[in-house]
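To keep things clear, I will list the structure first and then write my remarks on it.
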Amino acid sequence: MYGERVWLFDLDNTLHDASPHIFPRINQAMRDYIAHHLALDSASADRLRQDYWHRYGATLLGLTRHHAIDPAHFLRETHRFPDLERLIAFEKPVRHALQRLPGRKLLFTNAPLAYAETVLGLTGLDSLFAAVYSVESLNFQPKPMLAAYRSLLRVERLSPRRCIMVEDSLANLVTAKTLGMKTVWVSTGLRDSPSVDVKVRSVRELPRHLNRL
């Protein structure tokens, strides 16, 4: 059992494409939330949202650190999607690719639990994951914070050297590599990184790279 692979999958822009429809809605909701709760105009709120994203890897972290924003309320208000099913861009072969990967699979996401579970259900991926680690279950300490990774590893009683992190965010992979995990970057860009063991354009390609992981 010690040698069994454990896959840690990000959700948005890793298992499905959130860029065309979902991320624009989330970004607008975050901008509106910040403008309302911090009494800023829309442009200033958007600059602050982006600044915290670049500085901390998650807008949520900047808001909780500097403005005492309630993280649960922020996530709930910025992830309301009554029409989520029509917004998801999902490649059905991704499910088959995941089925071919040996070892346990865990979802490790900065998204809130309700949203993550709904996306997994709508894509038919829910049965493939042994557990979901959302930002709430990690005490609102999002990736790329070391505390988020260490919390998951502690709960699962895992050595990081058994883990393969699959992500679209390079910053999150840098942390994973620092801990000793294998890393897979889901990216269509040309950039490479010493923190990345395998780079794929889609999770569909993972089975053909198993010998490198």
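What to note about this one:
- Residues that are open to solvent by 40 Å² or more (accessible area, probe 1.4 Å) and not charged (D, E, K, R) were ranked within region 151-188; the one that is nearest to Arg104 (Cα to Cα) is Val155.
- Long-range neighbours under 7 Å by Cβ, at least six apart or interchain, first residue within 20 Å of Arg31 (Cβ to Cβ) and touching a residue at least 60 places away in the same chain (Cβ under 8 Å) within region 70-86, second open to solvent by 30 Å² or more (accessible area, probe 1.4 Å) and not in a helix (DSSP H, G or I): Pro71/Phe140
- Verdict on Glu117 being closer than 19 Å to Ser19 by Cα, buried (at least 21 other Cβ atoms within 10 Å of the Cβ) and charged (D, E, K, R): no
- Restricting attention to region 96-123, the residues being in a helix (DSSP H, G or I) and either of a type in the set (Ser, Thr, Tyr) or farther than 19 Å from Ser202 by Cβ (or both) number 8.
- Filter result for Ala148 (open to solvent by less than 60 Å² (accessible area, probe 1.4 Å), in contact with a Pro (Cβ under 8 Å, 6 or more places away or on another chain) and without any contact (Cβ under 8 Å) to a residue 60 or more places away in the chain): yes
- Boolean, Asp197 is over 17 Å from Leu107 (Cβ atoms), touching a helix residue (DSSP H, G or I) at 6+ places or on another chain (Cβ under 8 Å) and of a type in the set (D, E, K, R): yes
- Of all the residues in region 144-168, those that are under 25 Å from His16 (Cα atoms), in a loop (DSSP other than H, G, I, E, B) and modelled with pLDDT of 95 or more number 1.
Rundown of residues vs (1) within 16 Å of Asn110 (Cα to Cα); (2) in contact (Cβ under 8 Å) with a residue 40 or more places away in the chain; (3) out of contact with any strand residue (DSSP E or B) (no Cβ under 9 Å at 6 or more places or on another chain), yes/no style:
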| site | (1), (2), (3) |
| --- | --- |
| Asn13 | yes, yes, no |
| His21 | no, yes, no |
| Tyr33 | no, yes, yes |
| Ser42 | no, no, yes |
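- Within region 74-94, the set of residues being open to solvent by 70 Å² or more (accessible area, probe 1.4 Å) and assigned to a helix (DSSP H, G or I) comprises Arg76, Glu85, Arg86, Pro93.
- With respect to (1) at pLDDT below 95; (2) closer than 27 Å to Ala89 by Cβ; (3) surrounded by fewer than 15 Cβ atoms within 10 Å (Cβ to Cβ), the lone exception for Ser193 is condition (1).
- Residues in region 124-143 that are open to solvent by less than 30 Å² (accessible area, probe 1.4 Å) and part of a loop (DSSP other than H, G, I, E, B): Gly124, Leu125, Phe129, Ser134, Val135, Pro142, Lys143.
The values are calculated or read from the model by the stated rules, or taken from the named source; none is laboratory data. These figures come from a predicted structure and were not determined experimentally. When we count neighbours, we look across all protein chains shown, and the Cβ atoms used for this are built from the backbone with ideal geometry, even at glycine. The accessibility values were calculated without ligands, DNA or RNA, using every heavy atom of the protein model including side chains. Shrake-Rupley method; radii C 1.70, N 1.55, O 1.52, S 1.80 Å.
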